[in-house]
Each structure stands twice: as C-alpha cells, then as structure tokens.
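Read the structure below first, then the notes.
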Amino acid sequence: MKTPSNLQLTALACLSRSPEERKTQYELMIEINQVAELVDTPYSPGTIYPSLKTLSKGKMININQEGCLIENLGYQLLENTLLTQPLPASLIGNLHRLLLANILPDKAIKAAVVKRVDIELIKFNHNHGKEEQLSSANPLLPVSARQHIVTCLRRIAVDIVA
C-alpha cells in the first residue's frame, strides 16, 4: 500500500487503542473526527467510508457486520509510517503526528514518534532561523510567531510522553 493518508493513519491509530474490540464504522468516524477537528475540519462520511474500504481491501483492517478491527498489516503500516517514513514538512503535519502519537497504546512507539517529531521541530526552527538571516523577514509569519508555534508543539510533545 502507498503511504497512507492522515485519515487512514488516524483510523489505524484509533483501532489500535482497543485491538480486540470491534467498532462500527460510525463509532470509528466519530473517533477519527475527534482527532481531526483538533487540526482541521472534520471528515465527512463520504470521505471516511471509502478510506476505510481501501484499508480493508489492503488487509489493514477487517470490516464486517459487527464492526472494524485492525489487522497485523495495519499495525505494521501504522508503525512503519510513524517511525520510518519522512515526516511532514509542515507544522500542521507535525501536530497531526503528535496527536496520533497521543492515541497510540504502545508507550515505546509513542515515545519514539514524539522524539522524531521533536527533532524535526528543532531542525525546522534552526533551518528557518538561518533562512531569515539570509533573506528579508516573512511578513506573513514573523520569526517570533514561528518560534512560539514550534515551542508550543514541543511542549505538546513533552506532555504526551510524560
């Protein structure tokens, strides 16, 4: 399967919280949207259901009349994506990864994901600081605002592993 979308990663993370308990697609949609609305607008059923069907076709989840369960391939995809795939280049993308880490039941994986995001945030802040020195200041996002956003995201990361 190609790199999963944020929606698919969120679905896998939500299902990983209770791997033995089936959730209806509606229950899963509510859980996914509780995470999504922290970062962006909630997903519509017309977006969620086809995404779940794609995960099911890829044998990442099992869907039947009783609900959805995550499969071993789904766990592997989730872990592989969060631990080894390149992180999003945006601050919102990194916030989404932190929210997913917060959902994960495995504390070691949670800590590893948070550490990766934290390192990425440090690099982001450092690299953009150098760019600011070489070019004129970005009027849309002053240096201090970007630094505050990065600091807030790093505090979230600390709170997640605490």
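The values are calculated or read from the model by the stated rules, or taken from the named source; none is laboratory data. For clarity, every value in this text was computed on a predicted model and none was experimentally measured. Glycine also receives a Cβ, built like all others from the backbone with ideal geometry; neighbour counts cover every protein chain displayed. To get the accessible areas, we keep the full protein, side chains included, count just its heavy atoms, and leave off ligands, DNA and RNA. Shrake-Rupley method; radii C 1.70, N 1.55, O 1.52, S 1.80 Å.
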Residue in segment 60-67 that is surrounded by 13 or more Cβ atoms within 10 Å (Cβ to Cβ), in a loop (DSSP other than H, G, I, E, B) and at pLDDT 95 or above present: yes
Can you report the number of residues in segment 68-79 which are crowded, with 18+ Cβ neighbours inside 10 Å and more than 17 Å from Leu99 (Cβ to Cβ)? 5
Given the criterion without any contact (Cβ under 8 Å) to a residue 40 or more places away in the chain, open to solvent by less than 20 Å² (accessible area, probe 1.4 Å) and either within 30 Å of Arg146 (Cα to Cα) or not basic (Lys, Arg) (or both), identify the matching residue among Ala101, Ala36. Ala36
Inspect segment 28-46 for any residue being more than 13 Å from Leu77 (Cβ to Cβ), touching a strand residue (DSSP E or B) at 6+ places or on another chain (Cβ under 6 Å) and not in a helix (DSSP H, G or I) and give the result as yes or no. no
Here are some residues: Lys2, Lys115, Lys57, Lys53. Which one is closer than 25 Å to Val158 by Cα and basic (Lys, Arg)? Lys115
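Results for (1) more than 19 Å from Pro4 (Cβ to Cβ); (2) touching a residue at least 40 places away in the same chain (Cβ under 8 Å), shown as yes or no for each residue.
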position: Cys14; (1), (2): no, yes
position: Arg22; (1), (2): yes, yes
position: Glu31; (1), (2): no, no
position: Thr47; (1), (2): no, yes
position: Glu66; (1), (2): yes, yes
Out of segment 68-82, which residues are in contact (Cβ under 8 Å) with a residue 24 or more places away in the chain, more than 12 Å from Leu9 (Cα to Cα) and part of a helix (DSSP H, G or I)? none
Going by the conditions given, is Lys53 free of Cβ contacts under 8 Å to residues at least 24 places away in the same chain, on the phi > 0 side of the Ramachandran plot and open to solvent by 60 Å² or more (accessible area, probe 1.4 Å)? no
